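Colleague: My questions will all concern the structure given below.
The values are calculated or read from the model by the stated rules, or taken from the named source; none is laboratory data. If you're wondering where the values come from, they're calculated on a predicted model, not measured in any experiment. All Cβ positions, even for glycine, are placed from backbone atoms using ideal geometry, and neighbour counts span all protein chains on display.
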Number of protein chains: 2
Amino acid sequence: MTQVKLIGVTLSPFSRRVEWALKFKGVEYEFIEENLQNKSPLLLESNPIHKKIPVLIHNGKPICESMVILEYIDETFEGPSILPKDPYDRAIARFWAKFIDDTCIPLLGKVLFGKGEEAEKSKEEFGGLLKILDNELKDKKFFVGDNFGFADVAANFMAFWFGILEEASGVVLVTSEKFPNFCGWRDEYINRSQVKEYLPSRDVLLAHFQSRFQSPK
Amino acid sequence: MTQVKLIGVTLSPFSRRVEWALKFKGVEYEFIEENLQNKSPLLLESNPIHKKIPVLIHNGKPICESMVILEYIDETFEGPSILPKDPYDRAIARFWAKFIDDTCIPLLGKVLFGKGEEAEKSKEEFGGLLKILDNELKDKKFFVGDNFGFADVAANFMAFWFGILEEASGVVLVTSEKFPNFCGWRDEYINRSQVKEYLPSRDVLLAHFQSRFQSPK
């Protein structure tokens, strides 16, 4: 019997974070696809507070919040570390993971779905965030030196989903002229990193996002 | 020369989180009071992204974000652990810390400073969060069993600052009839926990908040 179950959604970057961490560690798991339009009793009882995916269930006990799950996986299972070893590097990795989740992703919602002046202001502000990431990624392959790790996993949305959202929405913010280091990191991530084969299908994701932007408001 | 410096603000719960962690570990540190109305060059160069306190400077290297700093302190210095030992308990502690920071504190801003209908809706929603905390704290002294730790440190705002804000603003949400377990935790925290002597002066904080609520809008 599989002791590790993951309640998730195939196309979700938050689910993928956890899947990748499990794959890095070589942990066998059962993936349970959740229907967010009609949430399952298992999800509701496993994450009664937020009712969100992903939820990891290990030996019957649920763990919620993708970044909390990542720390749990790193501490619980054998295999290569996801967080760096050095405490200062770990702090830097956690800082950037938090920056992605607390600052970048919430603002992107306003960029893509905001209206009029709010959308324009958000675009300008998001450009500032991209500049920050671009500066940070200068002369580095990944967030903490040359090793793909915790902050990169956390930033999967920025590396893959975001570019497809740009294409689907027609709101293009990233160019290699403006953000060369960010683009270099993204290119490395998608084409040469250890998760390149674990990314969802670009075509499927594009079609999924296009249908959302074309659906009646 | 002190190798550990903390840029903070005496009355800030976020600064206190870090101070308490340093005290638990017995780490000597120099506290540098920041003026948020006229930010110092040291703060701006130590936390160029967010320009916020607290910042821990250890051996000349800055670490930002109070919860990231707490993890760093726990991993770097000898002394009693702030996070529990068991990985599942650690995940639970991190989950509640995140719930406080991402869900409770942002909503409280709307409760206290929102207007009309928005404020009323926020109050009702915040009552729901208090109910969640109240359920969680049933039959427990602290967030993870009987040991004061990481999640309690993170929840210092809810334990101490929040009640004083209620008094200063006149918006009272917590009663022991409605939230007996939350009140029991808060009472234990303020009067009998290991941080009781490290809390700021209630009178000073009350006067500080009262002046904010009385100042012209």
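Colleague: Tell me which residues, restricted to the range B:69-99, are buried (at least 20 other Cβ atoms within 10 Å of the Cβ) and of a type in the set (A, V, I, L, M, F, W, C).
Modeller: B:Ile69, B:Leu70, B:Ile73, B:Ile82, B:Leu83, B:Ala91, B:Ile92, B:Ala93, B:Phe95, B:Trp96, B:Ala97, B:Phe99
Colleague: So which of B:Phe14, B:Phe95 is assigned by TED's automatic domain parsing to the domain that holds B:Ser193, part of a helix (DSSP H, G or I) and closer than 22 Å to A:Phe99 by Cα?
Modeller: Testing whether each residue is assigned by TED's automatic domain parsing to the domain that holds B:Ser193, part of a helix (DSSP H, G or I) and closer than 22 Å to A:Phe99 by Cα leaves just B:Phe95.
Colleague: So how many residues does the range A:153-186 have that are surrounded by 13 or more Cβ atoms within 10 Å (Cβ to Cβ) and either farther than 19 Å from A:Val111 by Cβ or outside the structural domain of A:Lys140 (by TED's automatic domain parsing) (or both)?
Modeller: Matching residues across the range A:153-186 total 6.
Colleague: State whether one or more residues within the range A:109-127 are within 13 Å of chain B (Cβ to nearest Cβ) and either crowded, with 18+ Cβ neighbours inside 10 Å or not aromatic (Phe, Trp, Tyr) (or both).
Modeller: The answer is no; no qualifying residue exists.
Colleague: Keeping to the range A:32-44, report how many residues are surrounded by 15 or more Cβ atoms within 10 Å (Cβ to Cβ) and without any contact (Cβ under 8 Å) to a residue 24 or more places away in the chain.
Modeller: Total satisfying the criteria: 1.
Residue-by-condition table, conditions (1) crowded, with 17+ Cβ neighbours inside 10 Å; (2) under 15 Å from A:Pro87 (Cβ atoms); (3) without any contact (Cβ under 8 Å) to a residue 40 or more places away in the chain:
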| position | (1), (2), (3) |
| --- | --- |
| B:Pro13 | yes, no, no |
| B:Arg16 | yes, no, no |
| B:Glu19 | yes, no, no |
| B:Glu30 | no, no, yes |
| B:Ser46 | yes, no, yes |
| B:Ile49 | no, no, yes |
| B:Leu56 | yes, yes, no |
| B:Glu65 | yes, yes, yes |
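Colleague: I'd like the residue in the range B:79-92 that is at the interface with chain A (Cβ under 10 Å from one of its Cβ atoms) and either of a type in the set (Asp, Glu) or in contact with a Leu (Cβ under 6 Å, 6 or more places away or on another chain) (or both) and, out of all such residues, is nearest to B:Val144 (Cα to Cα).
Modeller: This residue is B:Arg90.
Colleague: Mind checking which helices (runs of 4 or more DSSP H) fall wholly inside the range B:111-174 and carry at least 3 residues that are touching a residue at least 60 places away in the same chain (Cβ under 8 Å)?
Modeller: B:150-154
Colleague: Can you tell me which residue in the range A:44-72 is nearest to the chain's Cα centre (by Cα), limited to those that are assigned to a helix (DSSP H, G or I) and facing another protein chain (nearest Cβ under 9 Å)?
Modeller: My answer is A:Met67.
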